[in-house]
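Written out below as C-alpha cells is the structure these notes cover.
Bear in mind that the values in this text are calculations on the coordinates, not laboratory data. These numbers come from a predicted model, not from an experiment. Virtual Cβ from ideal backbone geometry, glycine too; neighbours counted across all protein chains shown.
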Ligand SMILES: [Zn+2]
Ligand SMILES: [Zn+2]
C-alpha cells in the first residue's frame, strides 16, 4: 500500500467565511493546508443571523461559544468547520479573543488582527486560522513562543509566533493521526 498518499489521512475542513473575508479565507485555507493534515474547502455564507443571535449587546461583542453553538446546530456532516467573521468576539473571563475552537467547530475573528500593513494583517489571519484548526485536530497550547499553538494573549504574541507547528506539536499530531 505504498502508493497510498498522506492525503487519505487528511481531515476535511470547511472554512465558512463571510463574503468580505474572501481573500482572508483563501489565505487561511492555504496556511492550514501547509501546516496541518487537513484538506480545506472555502465556502461563503451570510452569518449575520448567527452573529446577531450570539451578540452581547452590552459588550458590543459576539459570544464565541454561543456563536459556535448556534452555528453548530445548523451544521451537517462531520467535517471540521472553521468560521470567519469580522465582529469582535469574546469568551467569559476574557476581554476578547482572536479565535476559539469548540468541539469540531471553531471561529476566528479578524477584528483585532487588522493593520494598515496588509502583509502583517494576512500573516496574523494565517496564524490564527492554523492555531484554531490545530485545536480542532486535538492540539493544545504549546509553551514554545515561536510555535503556532502558543496562546496569544495579545497581538504581540501572534506577531512573534510563526504559522507552523514546532517539532513537539508536529509529533503529537502525527501520533494522534496514526492512532
Ligand atoms: Zn488556543
Ligand atoms: Zn508547539
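Scaled against the 2.2 N^0.38 Å expected of a compact globular protein of N residues, the Cα radius of gyration of the stretch 130-179 reads 1.09. In the stretch 68-158, the DSSP beta bridges split such that about 45 percent are antiparallel, to the nearest 5. Model label points for residue 177 and residue 30, set 7 angstrom from Cα along the Cα-to-Cβ axis, are 2.1 nm apart.
Judged by the gyration tensor of its Cα atoms, with axes a ≥ b ≥ c, the stretch 117-158 is oblate; a/c meets the 1.5 cut and b/c is at least as large as a/b. The gain in end-to-end length when the residue 86 to residue 57 segment is fully stretched comes to 8.8 nm, 0.36 nm per residue minus the alpha carbon separation. Among 58, 155, 89, 122, the order by Cβ neighbours within 10 angstrom, fewest to most, reads 58, 155, 122, 89. If the elastic network links every pair of Cα atoms under 10 Å, which of 129, 41, 148 fluctuates the most in the Gaussian network model of the chain? The residue with the greatest mean-square fluctuation here is 41. Summarising the strand pairing of the chain, around 25 percent of its internal DSSP beta bridges are antiparallel. Between helix 167-178 and the chain there is an angle of about 80 degrees, using the helix long axis and the longest principal axis of the Cα atoms. Decide, for the stretch 48-112, between rounded, prolate and oblate: order the square roots of the alpha carbon gyration tensor eigenvalues as a ≥ b ≥ c, take rounded if a/c falls under 1.5, and otherwise choose prolate if a/b is larger than b/c, else oblate. It is prolate, given that a/c is not under 1.5 and a/b is the larger ratio. The long axis of helix 22-35 is offset from the longest Cα principal axis of the chain by roughly 30 degrees. Each of 127, 57, 161 was scored by other Cβ atoms within 10 Å of its Cβ. Listed from fewest to most, they are 57, 161, 127. I need the shape label for the stretch 17-127. Rule: rounded when a/c is under 1.5, else prolate if a/b > b/c, else oblate, with a, b, c from the alpha carbon gyration tensor. The shape class here is oblate.
In the chain, the longest principal axis of the Cα atoms and the axis of helix 118-136 are about 70 degrees apart.
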